[in-house]
Each structure stands twice: as C-alpha cells, then as structure tokens.
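Some notes on the structure that comes next.
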Amino acid sequence: MPIETSGKDSTLARIGAGGVALLSALAVVLQYALILIAPENGGALAATVRFLSYFTILSNLGVIAVCVAAARGRGAWWQSARAQGAVALAIGVTGLVYVTVLAGLWQPQGLQWWVDNALHRVVPVLYLAWWWLGAVHGRLGWRDALWWLLFPLGYVAWVFARGQVVHEYPYPFLDLALHGVAGVIGNALVVTLVFVVLAALLVGADRLLGRRH
C-alpha cells in the first residue's frame, strides 16, 4: 500500500513501485530466456522447472506481484502489510545470501552479468528501500514473521524432493552430493537463522516506522 500521509507521497510510492516491478520483470524475463536457450537445460519444460526452482526467481516474482499491486492500487492481498513484509524478507535473504556466499562461486559474463546483478543486488536494494519509504507501517506483528517462514520451509522441501529425482540442486550449500546430509542440515539451519533474524528486524522496523507516521 502507498503511504497515506499525502497525495504526493502516495503518487511517489506508486511510481516507485512501478519502477521496481518493471526492473524486476525485465531481469526475470531475460533470465528465463537465457535458461531456455542453454542446451544443458534440456527442453522447455525441464528448463522452466529449473528456472522456477531458484529462490531468487521466486522472490523476484513476489517483488513483481507486490509492486504491480501497489502501483495500480489493486490486489488487496498483495497490498497487505503481511505480503509486502514477506517479500521484503524473501528478497532481502536473496541479496544477503548471494553477496556473502554465492557471488564468489561464479563469474557471469555479458548479459548474464547484468541480469545476475539486477536479480541479486539491485532489485533487493530497491525493493527494501521502497518498503521502508513507500509502504504503510505499524501493521505487522510477530505472528506475521512466523507465517513468513512457511514459504522458505516449503521451498526447501521442494528442493530436496526435486533433487532426489533429478540429482540437481539450485544452490551448492543445499547439494547433498557435495556436503552430505549433516552438512546440508547445518547449512539449512544457518540460512533459517538468517530468515529468523531478518524477519525480526523487519517487524521491529515496521513498528518503529509506524510510530513515526
């Protein structure tokens, strides 16, 4: 939802949301095209499933949904504080894990470099800035943070279920073949802690910002 303090603020928030949605959508579409044309990804169906198995893509799709709803002023659930906060958590973890763990594992070139940085760096920063400045605050509670954790838990379950079939994992730290069960569980617990801490920070920030408006 846009900030309700003034018409100017509301307009700026909607324009900002539209800009973030456009950038994220462009990066997602380009990444999908790059995956489709890569011969190692197989046919369109296999490539699409692989594409949708990346948390980065799912979190960016969440950004698009929330920001389009905010820009249009439509879509009650996607404009809710819980949905906006859930996406802030998902895209925030996307950026944080990428910068601290994944960025050094490969060196994308050309168009892939631009897409990679948009999905993992630019969109997370812009969305979190929009959430801070353009969302209505003071509506979140600690129960919302618990609801937010259901999505990453469901995602991990999907990753392991798919991995048992295709023997492929979207992220190295979740690869059972590389780290074994104990190693993957340890890595998953660390990422879970990151989710919990960031969720708590978002709820705390929301309450603080809500008192200021």
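Quick check on the range 196-213. Is at least one of its residues closer than 19 Å to Ile57 by Cα, in a helix (DSSP H, G or I) and either touching a Ser or Thr at 6+ places or on another chain (Cβ under 9 Å) or touching a residue at least 40 places away in the same chain (Cβ under 8 Å) (or both)? Checked the range 196-213: no residue is closer than 19 Å to Ile57 by Cα, in a helix (DSSP H, G or I) and either touching a Ser or Thr at 6+ places or on another chain (Cβ under 9 Å) or touching a residue at least 40 places away in the same chain (Cβ under 8 Å) (or both).
Restricting attention to the range 145-186, report how many residues are touching a Pro at 6+ places or on another chain (Cβ under 7 Å) and surrounded by fewer than 15 Cβ atoms within 10 Å (Cβ to Cβ).
1
In summary, Ala129 fulfils each of the numbered conditions (1) buried (at least 19 other Cβ atoms within 10 Å of the Cβ); (2) of a type in the set (Gly, Ala, Ser); (3) within 18 Å of Leu209 (Cα to Cα) with the single exception of condition (1). When Leu189, Leu198, Leu209 are checked against the criterion of being exposed (fewer than 12 other Cβ atoms within 10 Å of the Cβ) and under 30 Å from Trp130 (Cα atoms), Leu189 stands alone in meeting it. If you go through the range 121-146 one residue at a time, how many are in a helix (DSSP H, G or I) and within 13 Å of Val203 (Cβ to Cβ)? Result for the range 121-146: 6. Looking only at residues in the range 36-79 that are touching a residue at least 40 places away in the same chain (Cβ under 8 Å) and outside any helix (DSSP H, G or I), the one that is nearest to Ile15 (Cα to Cα) is Gly73.
Count of the range 50-81 residues, restricted to those that are over 24 Å from Asp175 (Cβ atoms) and of a type in the set (Ser, Thr, Tyr), is 1.
Assess whether Ala118 counts as being under 26 Å from Ala65 (Cα atoms), out of contact with any Ser or Thr (no Cβ under 8 Å at 6 or more places or on another chain) and outside any loop (DSSP other than H, G, I, E, B). Judged against the criteria, Ala118 is not a match. Residues that are in contact with a His (Cβ under 8 Å, 6 or more places away or on another chain) and modelled with pLDDT of 95 or more were ranked within the range 82-118; the one that is surrounded by the most Cβ atoms within 10 Å (Cβ to Cβ) is Thr94.
Going through (1) under 12 Å from Leu89 (Cβ atoms); (2) of a type outside the set (A, V, I, L, M); (3) without any contact (Cβ under 8 Å) to a residue 40 or more places away in the chain one by one, Gly180 falls short only on (1).
The values are calculated or read from the model by the stated rules, or taken from the named source; none is laboratory data. Since we're looking at a predicted model, the values are computed, not measured. Note that we place each Cβ from the backbone using ideal geometry, even for glycine, and neighbour counts take in every protein chain shown.
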